[in-house]
Each structure stands twice: as C-alpha cells, then as structure tokens.
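Accompanying notes for the structure given below.
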Amino acid sequence: MNNSPGWASPGSAPSDEPDRGDRDQPDPTPAPDGEKPSAPPQWSTQQPPAGTWSTRAGVPGPRGRATSGVGAGGQVPGGPPWGGGWAPVPPAPKPGVVPLRPLSVGEILDGALSTLRVHWRTVLGISLVIAVVAQVAATAVTKLWFPDTGRAPVLRGESTEAVTKAFRDLGRALLGSGITSLIGLLATILTTGLLTMIVSRAVLGRPVAAGEAWRDARPQLPRLCGLLFLLMLLLTAVITVATIPGGIVIAVGSAPAGFALGSLGLLVGGAVAIWLWVRFSLAPPALMLEKQGVLASMRRSAKLVRGSWWRVLGIQLLTYLLVGIITFIVQIPVTLIAFIIDGDSLLSWMNGTANATGWTVLTVLGIGAVISSALTFPLSAGVTALLYMDQRIRRESLDLELAHAAGLTGYDTPVPTGNVPGQATPATDVPTAPPTDN
C-alpha cells in the first residue's frame, strides 16, 4: 500500500539472504485523516539478518523460529530465581488480526476469518456486490444464449444425425461452461485484489473503506488479470504437452498403448502443474502489495516459496477443502429446493435429465452461489495474503516494518541484558550458587 512501509519489494537479492541493494524509498503521500503517519522504513540500519524477527517477540532464531534457549512451556532462561530460572516468553504484539511473528496454520486461518468478522461491512459488501453482478451475468448467459446446456447430451440411436446432435449439444454445454467460468474468474480477480488491500490494513489494525480499497487496488487490477490468465495458460500448456504423445499413438492406430501413455503423461503433467501452481501461488499478493509487474511478481513468489513448498501446498489445500465444504453445505440444500420448486424429481436431477435452465431453477441456484461466494471469497483471499506476509516475516523480518507502520515504538530495540522476563541472559550474568565446603 502506498502509506504502509514494508510492502515495497526489498530488491533483487534472494529472499533468504539479507537484502543490501537499493531499497524503495518511503512514499511521501501523507496518511489519511485520523491516522497516525507511518514511520519511514529503516532498511539498512535497523533490519536484522533476514529471518530473525524482533527480540520483543521472543528469542530470535533461524528464519524467525525461537529455537535457541527455549525451554518447555515456551520459557527461556534468565528469569527470576523463584521461577526456577525460567520465565515465559512475552507474546508478540498484535495490532491487528494476527500477531507480528511467524504464523501457524491456525493463526493464518483465524486471521482470515477475523478480517471478515472485524471488517464485515466492507468485506461482505465487496464480496456480495461482486458475487451478485457475476451471478446475474452468468445466469443471463446460461438462460439467453445457452438454454439447453442444463441437460446432459443424450445419444438416441446410432444414426449420423443423432451423433452429430449429441456432439453439438456437448459443444454448446462446454462453451456455456467456459463463458460462465470466465465470468467467475473475473469476479475472483476483482475480489482478490480488493480483499488483499483490506487484509493488509487489517494486519495493522487499521479500518479501510470499500472506496479506499478500490483506489489502492485499481492500478494493479489489469496486471492481476494478466497474471492469472498467464498462470492458467501455463498450467494448461504443461498438461496438454504432457498428453500429446499419447494422442499421437492413438492417432496412428494403437489405442491401448496410446491410452496408457496418455494416462502417464497426464499424471506427470498434473504433478508439474501442481508444482508450478504452488511455486507461483503468492504472486497475486506480491503483485498487489509490492506494485510489481506480472513476471516480477512470479519471480517474487518463487523466492518466497523456496524451501517452504510443502508447507504452502498444505495450507492452500486445507483452504480449498474448507471452501469446498462451505460451498457444499450451501449448494446442496439450495439445489434440492430449486428442483423441488420447479417440479423435477430427484432422480431426474441425479441422472442429468432435469431442466436446469428454467428461470426458477437458475434464480434459486444463483442465490445459493451468491451466498457461498460471499463467504468463500474472503477466506481464500485472506489466507493467500496472510501466507505471503508470513513468508516475508520468516525470511525478511517484515514484522519490523509492520510494527513501524502500525505505530509501535521500540519494537526492534534490543532488550537490555539481565533478569528481564522472557529474555535470555548471557551465561556470565546468570547468578550461581556459592561453593559449598565438602
């Protein structure tokens, strides 16, 4: 954002190394009325080695983990003598929806839900407006241009005319699905851009209005569209290229061998596509918050994911599982209600012969889609944005810049040595028991 230090790209140095190159200068744009102006980032003088988060948040360790001198129960040596030489680590400051330290999986999910809960007017307002507009467009396309796409193509007879009609119906169904999917993708892009800006403010404990989020996100939305279309094209191309050899073998007349080769290619291509998807999954928040270009944001995501690929994959899969569960809970009863109201039987709906393009069915299904989208958009966008921030805290001490932007003073000031609760003391300062005579 333009008034929050820490979002600017730290340069071209690897994200797991201290950045020593040129830094982006703080934006001189004054803070909005009623907000405390942010302190300028101190890249070269106050930022510790990459991956070491503030001593105020606990004992510094490699890549932001408290690994040195931590005892059971989250305690460190150097506490008061009546505590057995141990004292609890003080909690990290939490100006917004998450604490300023490396986040656990539960904290990332809780931060996304807390953003929805704390800023529900803005978040639900944006999600509902976009979901309603997208669903109205998708419903109109389905009803007016593709009225027969709700039924599964049925092949009656073996004549050439019947086969041609079945393939024609299948092609129309695929085209209709493609157009509605494109509308949904555009809605996802717009929602992701706006909600990313809201989450970035929520981390700092700042409110943000929908108009302000739109002003911050609007310059980057064309690039975000280009990024997501490029990623879709890349993943589709990888899978297509991997299945081409099997198609060639089938074309020359060896169907069993071609099917086996095509299946193997599909597995390999799918694995490569998943690897690329995880590698570039943090590109959208990098593009929005760091004002990066398309290719630069992809390189930025690759840096941040490096060494944490499996963790990022697990969190993203868990998020998609939760999104699927929410969608299932909303859509299944809505679908049953829609077909009951329209008069179709459950058996007709299950075998694909029910009329799914009537106005009644489309309206009820659209209401369910709006409800599920309004709930799942904030979750998926919030998790991705918080995962991006977590990786930067672990690798680049972003918590220091966020603390400056939130107006916290002394967050990166070293704590004096001595019997300070939660701070390890050198061995020479630890009092020892007097020697006893044997």
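Read-outs throughout are calculated quantities, based only on the coordinates presented, and are distinct from any laboratory measurement. Since the model is a prediction, treat every value here as computed from it, not as a measurement. As a convention, Cβ positions derive from the backbone with ideal geometry for all residues, glycine included, and neighbour counts pool all protein chains shown.
Observations
- Gain upon complete extension [residue 181, residue 306; 0.36 nm per residue less C-alpha separation]: 41.9 nm
- Between residue 133 and residue 321, residue separation times 0.36 nm minus the direct Cα-Cα distance comes to 65.1 nm.
- Label point distance in nm, residue 144-residue 210, each placed 7 Å from Cα along Cα→Cβ: 2.4
- Neighbourhood net charge (12 Å Cβ-Cβ; Lys/Arg +1, Asp/Glu -1) for residue 209: +2
- Hull-based mean projected area of the stretch 198-277, where the convex hull spans the alpha carbons, in square nanometres: 7.4
- Using the average count of surrounding beta-carbon atoms within 10 Å as a protection proxy, the listed peptides 284-290, 126-132 rank, highest first, as 284-290, 126-132.
- Modelled label reach - residue 121, point 7 Å along Cα→Cβ, the stretch 202-219 residues with backbone N closer than 17 Å: 202, 206-214
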